[in-house]
Amino acid sequence: MEQCFMDKVVIVSGGTRGIGFETVREFLDNGANVVLLGSRQESVDKALAQLSEEGKTDRVLGFYPDLSSEASITAMLDEVKRKFGTVDILVNNAGVSDAKPIDAYDDEHFAAVMNINVDGLFRLTRLCVPMMKHKGKGVIVNTSSMVSLYAQASGSAYPTSKFAVNGLTKALARELGKDGIRVNAVAPGIIGTDMVKALDPKMIQAMAARVPLQRLGEPEDIAHAILFLSSDAASYINGAVLSVDGGYVG
Ligand code: NAD
């Protein structure tokens, strides 16, 4: 797969750490121009500094647009167009997790999870699609979750948001196929990132023990699947939700 993204322009939301950061790294290693997005200047600067240490900064830009604001996203995309000309691949990876019983939620908390996991994804996609339509070609990969396929025992906002991500993936795949734009999702299992490390360790251990491959996933496991779905090797895959979970969902 080496160099197959040469000259492609890739946006990765939630690209400052975890799965997103590893995806940024892999795209850079494979020749792409990459735009990494984060929620704060500090985290974007930290990610860029890390890439600089690895000698990978000549083809990467970092921004922290407010994904709840069309104006903020548009300003970021204007900068991307000035620097790289277009967007070929969009990886919608930004997301927040939570787990609590329904009577511990209030409307604001539920809406906050949906706002980043669904509305932000929709908004960023909506604003990138015209560039892809113009070229008659593009790829969108959304980061869903294994809980979009079976839900989880506690917490309702997160699985609801990820079921919505799958719905949006399939709806857009149907709508945009005629424009040469493929839309797919990856459904990661339990991946050893900050998001997972923040959960109750007993809960993590119990879940890992139930993975048929007997280990937590690594960010690279998901990045590899995202690059595959973004590549020409996946040119007839559209509307798929690819489980990358060590066989957990089965
Ligand atoms: P992480 O917490 O390490 O990273 C999340 C990323 O999302 C960060 O870069 C952060 O800046 C960004 N983000 C969060 N809130 C944001 C906001 N309001 N605006 C803009 N960006 C924001 O998480 P991760 O584990 O790498 O998860 C990445 C994606 O994978 C998420 O969509 C998550 O739901 C999904 N996922 C993760 C796992 C797992 O086990 N880690 C499992 C299934 C799905």
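Here are the numbers for the structure shown:
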quantity	calculated
Filtered residue count, the range 96-126, keeping only those that are closer than 25 Å to Gly177 by Cβ and either in contact with a strand residue (DSSP E or B) (Cβ under 7 Å, 6 or more places away or on another chain) or open to solvent by 30 Å² or more (accessible area, probe 1.4 Å) (or both)	7
Elements of type helices (runs of 4 or more DSSP H) in the range 134-219, at least 1 residues being under 16 Å from the mean Cα position of the chain (by Cα) and of a type in the set (Lys, Arg)	157-176
Some residue of the range 50-58 being touching a Pro at 6+ places or on another chain (Cβ under 8 Å) and away from the ligand (no atom under 11 Å from the Cβ)	no
Meets criteria (of a type outside the set (Phe, Trp, Tyr) and crowded, with 18+ Cβ neighbours inside 10 Å) for Leu229	yes
Selection count where residues are without any contact (Cβ under 8 Å) to a residue 60 or more places away in the chain, away from the ligand (no atom under 12 Å from the Cβ), in contact with a strand residue (DSSP E or B) (Cβ under 9 Å, 6 or more places away or on another chain) and open to solvent by 20 Å² or more (accessible area, probe 1.4 Å), scope the range 169-210	6
Residue satisfying all of: in the range 97-124; among the small types (Gly, Ala, Ser) and over 20 Å from Val196 (Cα atoms); nearest to the ligand (Cβ to nearest atom) among these	Gly120
Pairs where the first residue, in the range 145-164, is in contact (Cβ under 8 Å) with a residue 24 or more places away in the chain and the second is near the ligand (Cβ under 10 Å from one of its atoms) and among the basic types (Lys, Arg), C-beta under 9 Å, 6+ apart	Ser145/Lys162; Met146/Lys162; Ser148/Lys162; Leu149/Lys162
Whichever residue in the range 1-25 is open to solvent by less than 30 Å² (accessible area, probe 1.4 Å) and away from the ligand (no atom under 13 Å from the Cβ) and, among such residues, is nearest to Pro65 (Cα to Cα)	Val10
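The values are calculated or read from the model by the stated rules, or taken from the named source; none is laboratory data. Here the structure is a predicted model, which is why all the values come from computation and not from measurement. Positions of Cβ are backbone-derived with ideal geometry, glycine not excepted, and every protein chain shown enters the neighbour counts. The accessibility values were calculated without ligands, DNA or RNA, using every heavy atom of the protein model including side chains. Shrake-Rupley method; radii C 1.70, N 1.55, O 1.52, S 1.80 Å.
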